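K.L.:
One structure coming up, written as structure tokens, with questions to follow.
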Amino acid sequence: MRFLNLSSSTVNRLETLVRKSENYRVRQRAQAILFSTKGCQRSQISDLLSVTTETVSSWFDQIEENEDWDLKDLPGRGRKPVIGEDNSKKI
């Protein structure tokens, strides 16, 4: 079993993100990390948040490497627009 042990300032920052972030994925990641600090197992967290245990593990790895890790998606993720920016202005 793997549980995270984070500083109180990091826990406070994560709690604030869970309550106030407009981005669903940021809230989800922050909640997963907080569940771990309270003793929940990866399998329980993955079930609660409907993600794989590998996903939860990668979030844990990133927060352990750097507690100031930004929980937002990296740029370039997701499907690219079918219509270019120039053409979308014409429509």
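The values are calculated or read from the model by the stated rules, or taken from the named source; none is laboratory data. Computed from a predicted model, the values in this text were never measured in an experiment. Here the Cβ is made from the backbone with ideal geometry for all residues, glycine too, and neighbour counts use every protein chain on show. Accessible surface areas use protein heavy atoms only, side chains included; no ligands, DNA or RNA. Shrake-Rupley method; radii C 1.70, N 1.55, O 1.52, S 1.80 Å.
K.L.:
Pairs only if they're at least six apart or on different chains, beta carbon under 6 angstrom, first in region 37-55 and in contact (Cβ under 8 Å) with a residue 40 or more places away in the chain, second among the aliphatic types (A, V, I, L, M) and open to solvent by 50 Å² or more (accessible area, probe 1.4 Å); list them, first residue then second.
P.N.:
As it stands, the answer is Gln41/Met1, since those pairs meet every condition given.
K.L.:
Also, quick follow-up: Among what's in region 38-55 and is open to solvent by less than 50 Å² (accessible area, probe 1.4 Å) and within 16 Å of Leu6 (Cα to Cα), pick the residue that is farthest from the chain's Cα centre (by Cα).
P.N.:
Gly39
K.L.:
Wholly within the chain, which helices (runs of 4 or more DSSP H) include no fewer than the required count, namely at least 2 residues that are of a type in the set (Ser, Thr, Tyr)? Step through it out loud before you land on a result.
P.N.:
Numbers: elements: 8-20, 24-37, 42-49, 53-65, 85-90.
The qualifying helices (runs of 4 or more DSSP H) are 8-20, 24-37, 42-49, 53-65.
K.L.:
Taking Val82 as meeting all but one of (1) surrounded by 10 or more Cβ atoms within 10 Å (Cβ to Cβ); (2) modelled with pLDDT under 90, write down the number of the exception.
P.N.:
It fails just one condition, (1).
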